[in-house]
Amino acid sequence: MRRLYITVFMAFTLVASCVVILASLALGAWWWQRSARFQPDTPPGRLLVLDFDGHIRTMRPDGSDVRTLTEDDPHGLFRQEPMWSPDGRWVAWVSEYPEHDGYSPALSIARADGSDRHDVLLPAVPVYLAWRPTSDAIAVLLPDDVSGLSLVLIDRENGDKRVLSRGQPFYFDWSPDGRELLAHIDRRLVLLDMQGHEAMLAHTEGRFAAPDWSDDGQLWAYAVLSAESPRLVIRDRNQRTTSRVSEFDGRITFAFSPDGTQIAYIPTAPSSTLPTLGPLWLLNRQAGVLREVSAAPVLAFFWSPDGRTLAFLRYEVDEHPPPPTAPETGLQRVLWQTPATVWFRWHIWDGERTYPTAARFRPGGVYASEYVRFFDQYARTTQFWSPDGRAFVFAGEVEGERNGIWVQPVGESAPPRWVGTGHVAFWSPHGD
């Protein structure tokens, strides 16, 4: 009987030990998953993607949790220009519905999960759209047979439309409170309110594209033609002063850092056939220090949300086969085609040093011709960087890899990560 008690006791002890071990393993797995959830390797937020099949989708930056916001259409529906609202709760895009004699364009607006969708019919296909900072309306640029372009404000809820101004070229930036627009129309710089009233600020001579309104609402950046030469200037609204940043010959593109303490700019020579191609300069307004970030020609740049990092795009030409006699000719073609000798590579300036990213790529046609070509306008209203500044997104074919959407982590040797197929992608403005 005693041996039986001992055997039972030993069996019970063995079973209890197994239960404790299994419970410990389960608890460890739960804690690891919990820690991974709160300290993820993937940057926060979601990507808004225009996919190759024409659908609008959102997904996590690692390509998981894909949500399709649009429906299948057997009649050849076209979509373009997807854009997050500033509060991250809404998305908008342009839809073109087939008709017997062409296409009927519309502005499609929906919640971030695709619900509450409604379409606002438009007289023409928009060339650009930008959410109002308050997320309750969208400014849409439409082709106009009379003036070239019309700026129309469309209410998010009821679809009411109001023409604010007309002219061509037409570039603009919202005030941070959404009450006004700083607009470059024809050869003039104006302040435009929501009733369409214009206040003339300066004659510009059209040597730049998009003006810039700092995030704190205090500063404007734009170019003017002085008696000597064109110059980039910053105007302080509170102090009513204007300071010169740089003189240039040709064209210039520029953007404030999000905190307004710095301004980056690229002067482009008059002979260039590209909208932007030149050295990248950075002026620290507080310290009064000007530095050349890149002496090699740069085509585009984007500030991280915290203003500490710049991602900028340069080109590379293969030696074999021999490069074209005029490298810029190849660059011009790459906006519409893909010459075998020209590649692109992102570079990072982290406040102290500059380094290239690990992989070079060829941009997709939509990404190159729309978003790289007019990067300064899109930099005002869209976000390619993750909210925490740890990575940014781009579209194209990485050398030796596939075509589509890529997330590039910040890091000298960090390779880009393929997320999925698509023409272009934007990061949500917030991490949730």
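How compact is the stretch 176-220 by the rule of thumb for globular proteins, expressed as Cα Rg over 2.2 N^0.38 Å? Mind dumping the intermediate values first?
Details: Rg = 10.5 Å, N = 45, 2.2 N^0.38 = 9.3 Å.
So the stretch 176-220 has a normalised radius of gyration of 1.13.
If you count only protein heavy atoms with a 1.4 Å probe, what accessible area per residue comes out for the stretch 184-293, rounded to a whole Å²?
Values: 4940 Å² over 110 residues.
That works out to 45 Å² per residue.
Run through the stretch 240-288 and list the trypsin sites (Lys or Arg not before Pro) located in a DSSP loop whose Cβ has at most 14 other Cβ atoms within 10 Å.
Details: sites: 240, 244, 251, 285; in loops: 240, 285.
Qualifying residues, ordered by number: 240.
For residue 177 and residue 53 in the same chain, what is the full-extension length gain: residue separation times 0.36 nm, less their Cα-Cα distance, in nm? Please list the in-between numbers first.
On the way: separation 124, 0.36 × 124 = 44.64 nm, distance 3.66 nm.
Going from the current span to full extension adds 41.0 nm.
Around residue 229, with a cut-off of 15 angstrom between Cβ atoms, what is the net charge of the other residues, counting Lys and Arg +1 and Asp and Glu -1?
Details: positive: 207, 231, 244, 251; negative: 205, 228, 247, 249.
Result for the local shell: 0.
What number comes out for accessible area per residue over the stretch 64-135 if the probe is 1.4 Å? Units Å², please.
On the way: 3310 Å² over 72 residues.
Per-residue value: 46 Å².
Working out 0.36 nm times the residue gap between residue 158 and residue 289, then minus their Cα-Cα distance, what length gain in nm do you get to one decimal? Show your work: numbers first, answer last.
On the way: separation 131, 0.36 × 131 = 47.16 nm, distance 4.88 nm.
Working it through step by step, the gained length comes to 42.3 nm.
Could you tell me the calculated FRET efficiency between residue 111 and residue 402, based on Cβ-Cβ distance and R0 = 25 angstrom, to the nearest 0.05? Intermediate values should be presented prior to the final figure.
On the way: r = 31 Å, r/R0 = 1.25.
Using R0 = 25 Å, I get an efficiency of 0.20.
Quote to one decimal, in nm, the extra length available between residue 41 and residue 119 on full extension: 0.36 nm per residue of separation minus the C-alpha distance between them. Mind showing how you got there, number by number?
Values: separation 78, 0.36 × 78 = 28.08 nm, distance 3.74 nm.
Gain on extension, residue 41 to residue 119, equals 24.3 nm.
Which GluC sites (Glu not before Pro) in the stretch 134-226 pass both tests, a DSSP loop state and at most 15 other beta-carbon atoms within 10 Å? Numbers along the way, then the final one.
Numbers: sites: 157, 180, 198, 205; in loops: 157, 205.
Those that pass, being in a loop and sparsely packed, are 157, 205.
With the full set of protein chains in place, find how many percent of the accessible area of the stretch 335-432 is carbon and sulfur; take the probe as 1.4 Å.
Carbon and sulfur atoms account for 47 percent of the accessible area of the stretch 335-432.
Cα atoms only, the stretch 205-320: Rg and Dmax in Å?
14.4, 56
The values are calculated or read from the model by the stated rules, or taken from the named source; none is laboratory data. Worth saying up front: this structure is predicted, and the values here are computed from it rather than measured. Glycine also receives a Cβ, built like all others from the backbone with ideal geometry; neighbour counts cover every protein chain displayed. We work out accessible area using only protein heavy atoms, side chains counted, and drop any ligands, DNA or RNA first. Shrake-Rupley method; radii C 1.70, N 1.55, O 1.52, S 1.80 Å.
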